1. Leaving out same-chain residues fewer than 8 places away, which lysines sit with a Cα under 17 Å from that of LYS213?
2. Just report the Cα centroid separation between the stretch 395-413 and the stretch 332-360, whole Å.
3. With a ≥ b ≥ c the root eigenvalues of the C-alpha gyration tensor of the stretch 295-448, is it rounded (a/c under 1.5), prolate (a/b larger than b/c) or oblate?
4. Give me the net charge of THR446's neighbourhood, meaning all other residues with Cβ under 10 Å from the Cβ of THR446; Lys, Arg count +1, Asp, Glu -1.
5. Just to confirm a number: summing +1 for Lys and Arg and -1 for Asp and Glu over residues other than VAL385 whose beta-carbon lies under 12 angstrom from that of VAL385, what do you get?
6. Which aspartates and glutamates have a Cα less than 14 Å from the Cα of LYS176, not counting those fewer than 8 places away in the same chain?
7. Please sort through the DSSP H helices of the chain and keep those with an alpha-carbon extent of at least 24 Å along the long axis and a Kyte-Doolittle average not below -1.0.
8. Tally Lys and Arg at +1 and Asp and Glu at -1 over the other residues with C-beta under 14 Å from the C-beta of VAL125: what net charge comes out?
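Derivation of every value follows stated rules applied to the coordinates shown; laboratory data play no part. The structure presented is a predicted model; accordingly, all values stated were derived computationally and were not measured. In this analysis, Cβ positions are derived from the backbone assuming ideal geometry, glycine residues included, and neighbour counts consider all displayed protein chains.
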Amino acid sequence: MIKHFDAFLVNKVNLSDGRIAQLDSRVTAVGNYLSSGDDVIAENYLELIPQGSYAHRTIINPVQTNDEFDADVLLSMDEVDGWEAKDYVQELYTVFRASSTYRDMVSRHDRCVKVDYANEFHIDVVPYLERHNEHFITNRVTDIYELTNPEGFNEWLDEQNKITGGRLIKIIRLLKFVRDYKNTFTVRSVILNILVGERINDVLVMNDADYYKDVPTALKNILKDLNDYLQANPTLPLISDPSCPTASFNHRIDQNQYSNFRDKISFYCGKVVAAYDETDLELSKTKWREVFGPLFGTYDTAAVTTSKNAHIGRAGINNTEQTLESRWNIPTVLNSTYTVRIGAVVEKKDGFRHFDLRKHGNVVGRGRTIKFEIARINVPAPYSVYWKVRNTGDEAINANCIRGQVVQDSGSRTLREPTAFRGQHYVDCYIVKDGICVAMDRQIVTIK
């Protein structure tokens, strides 16, 4: 059933590579326009930071005919002397309106300017400031600076995703698909992310290493944990921002919506458990279709090409990927009590600040340098460190540079890498103790 989930995600749920590339190019164009003008916005422009589903990689294909997807970006900028909170969105709108390209595409909202690409998607551009060592967005209507920590939210969700072996974002996409396909409950994506993400716990993995072992298993267990939480809370609980505990999202959901969401999650949880427990393959597919619709299980699983194996069979492309065992004869037996976490900082460059990669949704542009290091580890010394850098995507494949070699650390416990090829890449760190790999971490790097 794992391959059927992979095929369903690729063919039906995930935003296609073409649409992602189109969205990325639109965001880049917006950033180029805002940073190059002769106005106060350009003078104080710092960068655009991916936010929300765009940063978390949880955007899904539009499900219904009139559905569209959107991307949130933070316009990180210096505070402007003499401006009040209400001025930032207004002045940003004025700058967009001065452009023949954007004039008829933009609209003002409380906290953002929306750039609407008709029948495609829209981009919400949100002014984002640092004041008194804290971060704020601005409200045009109330004239208030609103305390926020979206970069911290990106980092929190990334950590929860790592605990599940990268499967949490796939589960969130699947639940968003059910929401949009069934239309039986309404819940904003940020609330869904919090309610689902807060159910993730590394203690569960310590007790059962297979708790999130694959997509169907992770879906079943996460949905059961979510249902248990919801049933224990019939009244709308406080939905705090995990990265900013003094802020909550309760204003974005009411008791009636919550009660309905609670009922529907209980219903779909029962369906998912029944489908998962069904031992007959065809009957299991039938039961999964009660959740995901008639196309589940119909896609050709052999035709699914993942980014990891897209280079295989391509003429003139060398398969240089290695494993610890194939290169160093080191077996992997992960110990659930041991953890290691990679830190990744994009180094400063002329005209660009340094930043923590995870706080920016693991997204970076080309022409930068990333410093990877061991940020956290609880494996008792002595141990050895090994690194692996793996490129994916057409640019790396066409350059015959997928890499993937496993190399021993020089003793610095750091690694510096340039960002050369667009695509989603990753860096692995392996911790070897007594001749066995007992812990590892993977840092995703999306180069736009």
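1. Qualifying lysines at Cα under 17 Å: LYS3, LYS162, LYS170, LYS224.
2. The distance from the Cα centre of the stretch 395-413 to that of the stretch 332-360 comes to 17 Å.
3. Numbers: a/c = 1.64, a/b = 1.13, b/c = 1.46.
Oblate, since a/c reaches 1.5 and b/c is not below a/b.
4. Values: positive: ARG57, ARG422, LYS448; negative: ASP24.
My count for the surroundings of THR446 gives +2.
5. Details: positive: LYS388, ARG413, LYS433; negative: GLU373, ASP409, ASP428, ASP441.
The answer is -1.
6. ASP67, GLU68, ASP70
7. Values: long enough: 17-36 (28 Å, -0.20); 255-277 (33 Å, -0.63).
Sorted by number, the helices that extend far enough and score high enough are 17-36, 255-277.
8. On the way: positive: ARG26, ARG97, ARG108, ARG111, LYS114, ARG140; negative: GLU47, ASP70, ASP72, GLU91, ASP110, ASP116, ASP124.
Once positives and negatives cancel, what remains is -1.
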